[in-house]
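Heads up: the structure comes next, in structure tokens.
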Amino acid sequence: MIGVLAMGMALAGCGNDNEGDNVDAKAMSAKDEAFQADQQRWRRQRVQALTTPDGWTSLVGLHWVEPGPHYFGSDADNGIRLGAGPAHVGMIELRDGRLRFVPDKDAALTLDGEPLSGPVAIRADDEAAGPSVIGFDEGKGLITVLKRGDRHALRVKHADAATRTRFQGLDYWPADPDWQVEGRFTAHPPGTTLPVGNIIGTLDDTPNPGVVEFERDGKTHRLEALDEGDGRLFLVFADLTSGHESYGAGRFLYANPPSADGRVLIDFNQAYNPPCVFTPFATCPLPPLENRLDLAVTAGEKKYDHDTAN
């Protein structure tokens, strides 16, 4: 009788162990489902941002503006010929770093959403208020002025751009929690900058708040962080997949501000292609030499298939 009781107690104990295993398995399953759902949500938001009527895939032109007055529009008789828009948009004048725009009398234009009919001063994208936006084609077309170094350019977008209307989607490595890596942030002295090259061949001294170190495959890797002004760490990097499975000029990644003790979560699943992958009219920063990883980051966005978008 005692033996039977002992056996019963033992079986009961085994049952409890199995129940605990099931609870752990369910918890892990729920955690993985939440992780996958979060990654899918991020990917949907990524595509939505790319393909909005004024997203990166809508770029149709980048036209550098030299000092002095210049007429621009889609007609061949303009000094600056646009690939879309009215035959004659108007005249833009760059003098002493300031921009003035005189609209053509026959062009139906808006400025920052309001009807435009007379000469106005134009803001570039380096001003705190953001760039002025000239609208045409009933808002489907947008013109802004960007400043890179001491140069200015007209950036033109149109909702009917082929790069937008023929966009075929993005390809990713499978989302993997193992590519969510904890790093440690070490701050640089205030005011530190890093010279960062870009796709148009210039160097910009970019705010460089610190460096992030992380461990992977038994090695320590470092990424210099850039600051775009919103508190997050902007990481521009290349790795051993660059030019093979991923874009040759590297990828972008954001990380939330470090904790009080310097911890940073780097989610390589959310590494993504720069805008210049989708359009020749972007001015993307390139990975600093310090951010060329001796590591194959098999996570995040893969190369964009341009053949499927043509």
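What to note about this one:
- Distances between placed amide hydrogens fall under 5 Å for residue 296 paired with 240, all partners being 5 or more residues away or on another chain.
- Probe 1.4 Å, accessible area per residue of the chain, Å²: 54 Å²
- Contour minus Cα-Cα distance for residue 45 and residue 188 (0.36 nm per residue): 48.2 nm
- Distance between the C-alpha centres of segment 87-145 and segment 236-251: 37 Å, rounded to the whole angstrom.
- Nonlocal amide H pairs with residue 210, under 5 Å, H built at 1.01 Å: 188, 225
- Helix-only CD estimate at 222 nm, as mean residue ellipticity for the chain, using -39500 (n - 2.57) per DSSP H run (n ≥ 4): -6000 deg cm²/dmol
- Heavy-atom accessible surface of segment 157-294: percent carbon and sulfur, 1.4 Å: 50 percent
- Net length gained if the chain between residue 100 and residue 162 were fully extended (0.36 nm per residue, minus Cα distance): 19.3 nm
- Near residue 123, the amide H atoms lying under 5 Å from its own belong to 132; only residues 5 or more places off or on other chains count, and H is placed 1.01 Å from N.
- Note, ³J(HN,Hα) from phi for segment 80-94, Karplus 6.51, -1.76, 1.60, rounded to Hz, x at Gly and Pro: 10, 9, 8, x, 7, x, x, 4, 9, 7, x, 10, 10, 10, 10
- With R₀ fixed at 30 Å, the C-beta to C-beta distance from residue 121 to residue 202 puts the FRET efficiency at about 0.75.
- Residue-by-residue Karplus 3J(HN,Hα) for segment 172-181, coefficients 6.51, -1.76, 1.60, Hz, glycine and proline x: 10, 5, x, 4, 9, x, 5, 8, 8, 10
- Under Karplus coefficients 6.51, -1.76 and 1.60, residue-wise ³J(HN,Hα) of segment 278-284 in Hz, glycine/proline x: 9, 8, x, 9, 9, 10, 7
- A Förster radius of 45 Å, combined with the Cβ-Cβ distance separating residue 178 from residue 150, puts the computed FRET efficiency at roughly 0.50.
The values are calculated or read from the model by the stated rules, or taken from the named source; none is laboratory data. Fair warning: this is a prediction, and the values are worked out from it, not measured in the lab. Note that each Cβ is placed from the backbone with ideal geometry, even for glycine, and that neighbours are counted across all protein chains shown. Quick note on the areas: whole protein, heavy atoms, side chains included, nothing else; ligands and nucleic acids left out. Shrake-Rupley method; radii C 1.70, N 1.55, O 1.52, S 1.80 Å.
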